[in-house]
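First up is the structure itself, then whatever we jot down about it.
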Amino acid sequence: MCSPSSMSEGDAVSATTRRTQRASSPLPSADELQRELDRVPRSVLAHVIDVHCHPTDSDAEMTHRVVRDLPIRICAMATRRSDQELVAGLARAHPDKVVPSFGRSSSALTLLAGYHPWFYHWISLTPALSKEHHYRSLFLPSSPSKPELVSAFERLLPYLPEPITLSDVLSDVRSHLVAFPRAMLGEVGIDRACRIPYARPSDPPYAGVSREGSSDEGHGEGDPPRELSPFTIPLEHQLAILEAQLALAVELGRNVSLHSVKCQQATGELLDRMKARHGPAWCRISVDLHSCGLSAQTWQQISKRHPNVFLSLSTAINARSPAHKALIAACAPDRILVESDLHDVRRAAPYTWHMLRAIAAVKGWHVEDTWEDNEDGTAAAAALPETRWGVVRRLEENWRLFERGGHIERLKQRLRRDRAIEEWEATAEGD
């Protein structure tokens, strides 16, 4: 969840850090990316899926206008109580363009429902005795606390909303997932970097959108960053809320878009715990580690244990570091997806295409410049052997695999292969 030029609510990255990242990893401008996209036939772009973006964070009129003529398909994330219905409304208005997350769909827009970890401090696991008691238990759990922390807490408390209960959150998410039978859960996750800002929760749209035709986005480069408090959300609290949402996804058979920042070990342990707790039902759903920041080594370890876990990469987040190329190289060809992770839907297609081309360059896959469909609507490329697929075809097939879920057979195949290797090794040692 990010903006290329603004600090979203709860964002832990300071403006100084963002400027340093830009300086160390220069990226093409939005205009340059758009000019590159304009050279791509729409017949090719129609098969590109941005698996993670936040279009309802921006001005609703602009978003609906752009989505109507969007050349690619998008998965629209929900993050908090006030945007669940906004995402649902976008999906209802554009069923051929938006996949809602909360949800899974063959339509062009995928809808997702869920609560983002930046806002988990608003959620109480049980009915709170009072607003102050709830937030004090999260941010000042030990007594006596340092005077500077007490002072920061007293300053922060007036900005914080009344907490909502986890049971209400789950009821809200469930209602949207049930209303959209093909929707996904997302964006949910864990984040050790996020610090709570001294600011009241914003009303939608969360990201300001400038006049049409302006290159400025979000709050603008000249706007001062909001001041951040010293408080982060305890990981144990985050995990309790996340695991409850994941249990709902397993129950309803919904795929998941998962946020993970500064939590490599915790993410691996979480996935192991979900697999042990839910058994085969866990492998029936797919999980996408969006804008994946794992090391190549950690990803390889996770992917071996979890055949239902995919990763997706974005220019806005991952391209800032050269480490994303090692991650692309380490990822199996059928487990990688692409995204924009942007709130401005005008930028979704060019940023997604830019990362798609980066994946193609690392993997050595060609980029299609034409697309032909058979009379029944299937891609003519489907008849080609997989070794001749281009990057668009490969990533579209990966999305279909992600959508279908049901990874139990893939797990069985992996176990059979591992047993065969063990038996061969044992025989070789005996000889």
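A short reminder: the numbers here are calculations on the coordinates, not readings from a lab. Computed from a predicted model, the values in this text were never measured in an experiment. All Cβ positions, glycine included, derive from the backbone under ideal geometry; neighbour counts span all protein chains shown.
Protection proxy ranking for 143-149, 363-369, 256-262, 186-192, using the average of other Cβ atoms within 10 Å per residue and placing the highest first: 186-192, 256-262, 363-369, 143-149. Here's the list of lysines a cross-link from Lys363 could span, going by alpha-carbon distance under 19 Å and ignoring same-chain residues fewer than 8 apart: Lys325. Cross-link partners for Lys275 among the lysines, with Cα-Cα distance under 17 Å and sequence neighbours closer than 8 places in the same chain left out: Lys304, Lys412. Modelled label positions at Arg65 and Leu149, each set 7 Å beyond Cα in the direction of Cβ, lie 4.9 nm from each other. Dipole orientation for region 283-390: of the candidates Val338, Trp365, Gln300, Gln300 has the Cα lying most toward the positive pole (charges on Cβ; Lys, Arg +1; Asp, Glu -1). Would you mind getting me the FRET efficiency between Lys262 and Arg136? Use the beta-carbon distance for r and R0 = 25 Å, nearest 0.05. Rounded to the nearest 0.05, the efficiency is 0.55. Using a cut-off of 30 Å between alpha-carbon atoms, which lysines can reach Lys131, once sequence neighbours fewer than 8 places away in the same chain are excluded? Within reach: Lys146, Lys262.
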